[in-house]
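In what follows, a single structure is set out as structure tokens and then discussed.
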Amino acid sequence: MPVWYKKMTIDHSTNKTVCLRLGVFLWVLLQGLPAVAGDTAKEMERLLDAGSAQRAYDLAESRAAEEAGDPEFDFLYALAAIEVGHPERAVFALERVLFLHPQNDRVRLELARAQFLLGNYPEARIQFELVLTHRPPTAVREQIKLFLAKIRQQEKALQSRFHAYAQIDAGTDSNVNGATTATAVDTPALGPIRLDPASQELDDNFTEIELGGEGVRPLSKKKVLFGKVSFNTRTNADHDEFDTDTLGLRGGISILGKRSVFRVPLQYEQLKLDGRDFRQYLISGLEWERPIRGANSIAVFGQLGTIQYDEQDFRDVDLTLIGGSWNHRFEQTNRRVRFGVYLGDEAADNDEPFVFKEHNGRDYFGLYGDFQWNMTPRTAFLVGGNLQSIEHDAQHPVFGQVRDDDFFQLSAEWTWQWRPKWTINIELSYYKNDSNLELFSYDRTQLHGGVRFGF
């Protein structure tokens, strides 16, 4: 009988004793994985049966490059990794197995246990609760309930956590300044005006570096502080006048309800253009998220804030935004889809005396959505889009018309988790703005890729 069907008994000392003893699953599943093990898998199974988990793990490590991807090997590798205190390795191995055998609840239970040991309690809960929906035998059901109770206890005593990252990208941009292709525009008062080359579409190559970190600090079992900081610098090869530096800060408090999460975030961003202060915004908000029937969840959000321009005060606006979204995760298919809608109003700053400022105010309505497909345990594909209809509040002082825009954005991204803390990504994005004023119509395409690593 292959290892997939065997009863597993685990006993550990120190702090892992309680949680690992909960992993004594008594379920013999009639869901098959390959019954014929290779020589390495047979030896690993023998070592595990003899209590030599470290030797089994060392053997698995030495053979991983050649045999990773074989379900029997990966499962035994995961068991050994859990035994010797490397649940992060177990997660990667078990995700590979589950991708090939999504119906095997024994594998799913081991994955849930590994996620539990990593402290990834939300993902562990998802996997445990999914097995419960399959009506397992009483003994297994009781073991899962013990795990879920332990998860609740651990979440109550959750410690502060912080994660830092760095990302390096390089790519090409067909329109670094977001400008029109037109060489001249007509105005009612002045007639045709020839545009300066810097006001026309410019293509360029660029490099981008981002550093950041995010963390959480529990205040109580229902209140958690969260925060994130990031700094992004983008350097163009030829047109350094459009180089940007962006500092972003986000923080707030999450309030955990019985089945929902309520957040109060505060967000600040400062943008520099060619090394000079250009724009900054400060936004406060409210967010509420709740799971609903099946694998669905809904969210609503609202924002109030201000957007200010350092050298163009007449462009300052006050922001009001509301919206909502629906998210659905397809069970056992490694796919997720989301759709959302939002309404926004940017009102010209009444404190600014500039006589033509009103046309900078605008109202807009938007639809957005994205689809994520985890193609393999280490690769994912994400495609998303945004459609926005924009109407400005007053006539443009030069063109004598109220500006109306239709903005469209579409992006596709592929990511590969090369190592546990290393991710490689490639992204293609397309932007199109159609305006009744030719000066503001443009197309833009960006292609870039790079590497992201955590520490």
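Among the residues examined, Val224 qualifies as of a type in the set (A, V, I, L, M), assigned to a strand (DSSP E or B), within 28 Å of the chain's Cα centre (by Cα) and in the same structural domain as Glu269 (by TED's automatic domain parsing).
Of all the residues in region 425-441, those that are buried (at least 17 other Cβ atoms within 10 Å of the Cβ), modelled with pLDDT of 95 or more and not small (Gly, Ala, Ser) number 4.
Residues checked against (1) closer than 21 Å to Val300 by Cβ; (2) hydrophobic (A, V, I, L, M, F, W, C):
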residue: Glu331; (1), (2): no, no
residue: Gly340; (1), (2): yes, no
residue: Asp349; (1), (2): no, no
residue: Leu367; (1), (2): yes, yes
residue: Trp373; (1), (2): no, yes
residue: Arg378; (1), (2): no, no
residue: Ala394; (1), (2): no, yes
residue: Val402; (1), (2): no, yes
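Selection within region 183-221: residues that are among the hydrophobic types (A, V, I, L, M, F, W, C) and part of a strand (DSSP E or B). The member of this set that is farthest from the chain's Cα centre (by Cα) is Ile193. Ser199 fulfils the conditions (1) over 15 Å from Val398 (Cβ atoms); (2) surrounded by 15 or more Cβ atoms within 10 Å (Cβ to Cβ) except for a single criterion, (1). Evaluating Arg113 against the criteria (1) surrounded by 18 or more Cβ atoms within 10 Å (Cβ to Cβ); (2) farther than 28 Å from Met375 by Cβ leaves one unmet condition, (2). In this entry, Asp58 passes the filter for residues that are farther than 23 Å from Tyr121 by Cα, out of contact with any helix residue (DSSP H, G or I) (no Cβ under 7 Å at 6 or more places or on another chain), surrounded by fewer than 18 Cβ atoms within 10 Å (Cβ to Cβ) and at pLDDT 85 or above. Each residue in region 393-414 was checked for being modelled with pLDDT under 95 and either charged (D, E, K, R) or in a strand (DSSP E or B) (or both), and 5 pass. Of everything listed in (1) free of Cβ contacts under 8 Å to residues at least 24 places away in the same chain; (2) in a loop (DSSP other than H, G, I, E, B); (3) not aliphatic (A, V, I, L, M), the single unmet condition for Asp238 is (1).
The values are calculated or read from the model by the stated rules, or taken from the named source; none is laboratory data. On a predicted model such as this, the values are computed, not experimentally measured, just so you know. All Cβ positions, glycine included, derive from the backbone under ideal geometry; neighbour counts span all protein chains shown.
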